[in-house]
Amino acid sequence: MAPLGVEVWQAPNGQEALGLLRQGLPHVVLADLHMPLMDGLELTRRLKALDPLLPVILLTADAEREVRLQGIQAGADDFLHKPVDLTELRLRVGGHLERRRLQEKLEDLERALLALVRAVEAKDAYTAGHGERVATYALYAAGELGAGEEELADLRLGALLHDVGKIALPDPILRGGYPLTEAEWRAIREHPVKGDEILKPLRAHPRLRPYVRWHHERLDGSGYPDGLTEVPPLVQAVAAADIYDALTSGRTYRQALRPEEALEALEAEVRQGRLSREVVRAFRSGMARNRFRLT
Ligand SMILES: [Fe+2]
Ligand SMILES: [Fe+2]
């Protein structure tokens, strides 16, 4: 049998296994269910608290349903029965390692994209951290709108990346502060479409697309790039957060508004039929509820 090509660390019990983690996190963990000092269930719980995506395979002699349920509850990803069939062990470990590798690749891609966004923002002291702030504010509003956990995760990434298309814009336009020509306006208004194109290779693209492509859409059809008159509430939450952050961040050519003034500006958007009342109300209460988190 060909070796799996992995480095193996061994520990006689859960406690010592945790100690080994000081040297770094493994890619997959095989743990006996019954061990002295700390059993496999407790070890699984602790490992999952450290890294929820770390695959944990529990080895157990008892095939009882009860034990498996406990294992699943603790967060175990897989079970192997003792005595262990070596071929099965290799296949299972190999499968989990492959999944983990794919996951890491996706995480790397996400990190690379976020780095890209930060690089764009860093070109201008006033937009540094814009994506993160927009994500934070939009999440507060989305929480008030009753969004589920998965929707919140997509919204967060979508909000972080909403302006990724600006990477295509020349620096002077990004900094602004001077009257733009018609051609420059056109270039700016293309950033949602450019962002949409940049994210296309991502598996999450269909879920992130609305935030990136439609964050400048307005309910009266005056927005861009598609001139929509219906915009999903969670996308409007990002749009509201985007407006709010732009107004509360100072620019070289204008002063920052105070939070209450920026909220007033959002109410004006509602009166003009550009954002929904429900979304702006959620935005206001989300910001109020979380104001202790905001500096
Ligand atoms: Fe934008
Ligand atoms: Fe923005």
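Worth a mention:
- If the condition is being modelled with pLDDT under 95 and of a type in the set (Gly, Ala, Ser), then the stretch 247-281 contributes Ser249, Gly250, Ala256.
- Subset of the stretch 203-245 [of a type in the set (D, E, K, R), open to solvent by less than 20 Å² (accessible area, probe 1.4 Å) and not in a loop (DSSP other than H, G, I, E, B)]: Asp242, Asp245
Residue-wise test of (1) within 16 Å of ligand 1 (Cβ to nearest atom); (2) open to solvent by 60 Å² or more (accessible area, probe 1.4 Å); (3) not charged (D, E, K, R).
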residue: Leu106; (1), (2), (3): no, yes, yes
residue: Val117; (1), (2), (3): yes, no, yes
residue: Ala125; (1), (2), (3): no, yes, yes
residue: Tyr140; (1), (2), (3): no, no, yes
residue: Leu145; (1), (2), (3): no, no, yes
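- Exactly one residue out of His162, His96 is within 15 Å of ligand 1 (Cβ to nearest atom) and either open to solvent by less than 70 Å² (accessible area, probe 1.4 Å) or not assigned by TED's automatic domain parsing to the domain that holds Ala282 (or both): that is His162.
- Number of residues in the stretch 95-152 that are of a type in the set (S, T, N, Q) and closer than 16 Å to Val235 by Cα: the value is 1.
- For the stretch 1-38, the tally of residues that are of a type in the set (D, E, K, R) and within 25 Å of Thr87 (Cα to Cα) stands at 2.
- When restricted to residues that are touching a residue at least 60 places away in the same chain (Cβ under 8 Å) and within 16 Å of ligand 1 (Cβ to nearest atom), the stretch 176-197 contains 1.
- Of all residues in the stretch 256-277, those that are assigned to a loop (DSSP other than H, G, I, E, B) and open to solvent by 90 Å² or more (accessible area, probe 1.4 Å) total 2.
- Restricted to the stretch 179-208, and to residues there that are away from ligand 2 (no atom under 16 Å from the Cβ), among the basic types (Lys, Arg) and closer than 16 Å to Gly158 by Cβ, the residue that is modelled with the highest pLDDT is Arg207.
- Applying the set (1) away from ligand 2 (no atom under 13 Å from the Cβ); (2) at pLDDT below 95 to Glu144 leaves exactly one unmet item: (2).
- All positions within the stretch 62-93 that are open to solvent by 40 Å² or more (accessible area, probe 1.4 Å), hydrophobic (A, V, I, L, M, F, W, C) and free of Cβ contacts under 8 Å to residues at least 24 places away in the same chain: Ala63, Leu69, Ile72, Leu91
- Note on the stretch 166-178: among residues that are within 16 Å of ligand 2 (Cβ to nearest atom) and not in a loop (DSSP other than H, G, I, E, B), the one that is farthest from Ile198 (Cα to Cα) is Arg175.
- Test: residue in the stretch 16-30 that is acidic (Asp, Glu), modelled with pLDDT under 90 and more than 28 Å from Glu107 (Cα to Cα): no
- Number of residues in the stretch 96-146 that are closer than 25 Å to Gly250 by Cα and among the charged types (D, E, K, R) equals 6.
The values are calculated or read from the model by the stated rules, or taken from the named source; none is laboratory data. Keep in mind that this is a model prediction, so the values were computed, not measured. In this analysis, Cβ positions are derived from the backbone assuming ideal geometry, glycine residues included, and neighbour counts consider all displayed protein chains. The protein model used for the area step is the full one, side chains on, heavy atoms only, and it has no ligands, DNA or RNA in it. Shrake-Rupley method; radii C 1.70, N 1.55, O 1.52, S 1.80 Å.
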